[in-house]
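Report on the structure given below.
The values are calculated or read from the model by the stated rules, or taken from the named source; none is laboratory data. Note that the coordinates shown come from a computational prediction; the quantities given were computed from them, not determined experimentally. Positions of Cβ are generated from backbone atoms using ideal geometry, with glycine treated the same way; all protein chains shown enter the neighbour counts. These area figures cover heavy atoms from the full protein model, side chains too; ligands, DNA and RNA do not enter into them. Shrake-Rupley method; radii C 1.70, N 1.55, O 1.52, S 1.80 Å.
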Amino acid sequence: MSATTPIQFSTPRRLRLRRLTVADLAAIGWIDAHPGVCRFEPLAARERLVQLIASYPSAQFAVEVDHRLVGALMGFPSESGPPMCSQPWEALTAPFGAAELDVDGTVLIGEGAVWRDVLEDDQIDHLLCVGRKAVVQQLGLDETVSVVCASSWAAWRDRLAPQAFVQQVHAGGISDRAIAAYVRAGWAIRGFWEDAETLKVLVRWENRRR
């Protein structure tokens with residue numbers, strides 16, 4: 001570096017999690033309507049989000065980066081989880097449906113959507129550890145499960161079958177940022193299914209402290 005080379009300053013973007021409120025819902029309504037947004041999970045309808053905020057406020061988080069609302073990380077407890085496969089690359093025979101809300105549940109079902117492209121990998125890890133694992137541990141639940149939309153599936157859809165794609169992602173042969181975020185944070189792949197042009201992957205994290 002010479003004396004005339006300008007110095008570049010890089011300021012890390014500040015991540016903040018806070019309690020999600022009904023007033024925040026209007027500000028995140030753009031997520032599912034924006035084709036360029038890479039999501040963690042499918043975002044539920046507004047009526048359901050309002051119900052989650054009212055029923056389980058401690059499990060609902062607004063995600064902000066530099067004071068800008070970039071998504072919502074949500075969840076609800078249920079007494080039963082979705083069907084799972086023993087091998088991560090096995091197809092689920094039936095799509096995962098929304099379970100009934102139950103206060104005395106043992107499984108935290110993850111919902112919500114976050115604009116991943118404005119987050120660093122370590123920030124995503126923090127979201128999953130604080131916004132999901134910590135809630136499971138604080139509520140004394142057995143596990144948490146989420147449905148992840150494979151972010152790189154569109155690039156591989158015409159070249160690989162879904163089973164081969166998931167197997168390659170699991171083995172590390174294909175990089176998929178959405179699935180990798182969960183695997184890196186300790187979640188295990190437990191099946192997949194196709195939904196129109198989207199490939200959805202079921203992931204699970206067990207609370208071994210119970």
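General remarks:
- Compactness of the stretch 142-182 was expressed as the Cα radius of gyration divided by 2.2 N^0.38 Å, which yields 1.21.
- Computed label-point distance, nm, for sites GLN137 and ARG208 using a 7 Å Cα→Cβ extension: 1.3 nm
- Length available on full extension from ARG14 to VAL130: 0.36 nm per residue minus the Cα-Cα distance, which gives 40.2 nm.
- Available extension along the chain between GLU64 and ALA161 is 31.3 nm, counting 0.36 nm per residue and deducting the alpha carbon span.
- Simple spin-label estimate for GLU120 and ALA171 in nanometres, 7 Å along Cα-Cβ: 3.3 nm
- Over the stretch 15-206, accessible surface divided per residue gives 44 Å², non-protein components excluded, 1.4 Å probe.
- Measuring r between the beta carbons of GLU47 and THR93 and using R0 = 30 Å, the FRET efficiency lands at 0.55.
- The equivalent ellipsoid of the stretch 15-206 has semi-axes of 25, 20, 15 Å, largest first, where each one is the square root of 5 times an eigenvalue of the Cα gyration tensor.
- Label-to-label distance, nm, for residues given as LEU25 and ALA154 (7 Å Cα→Cβ offset): 2.8 nm
- Protein accessible area in the stretch 15-206, 1.4 Å probe - carbon and sulfur %: 50 percent
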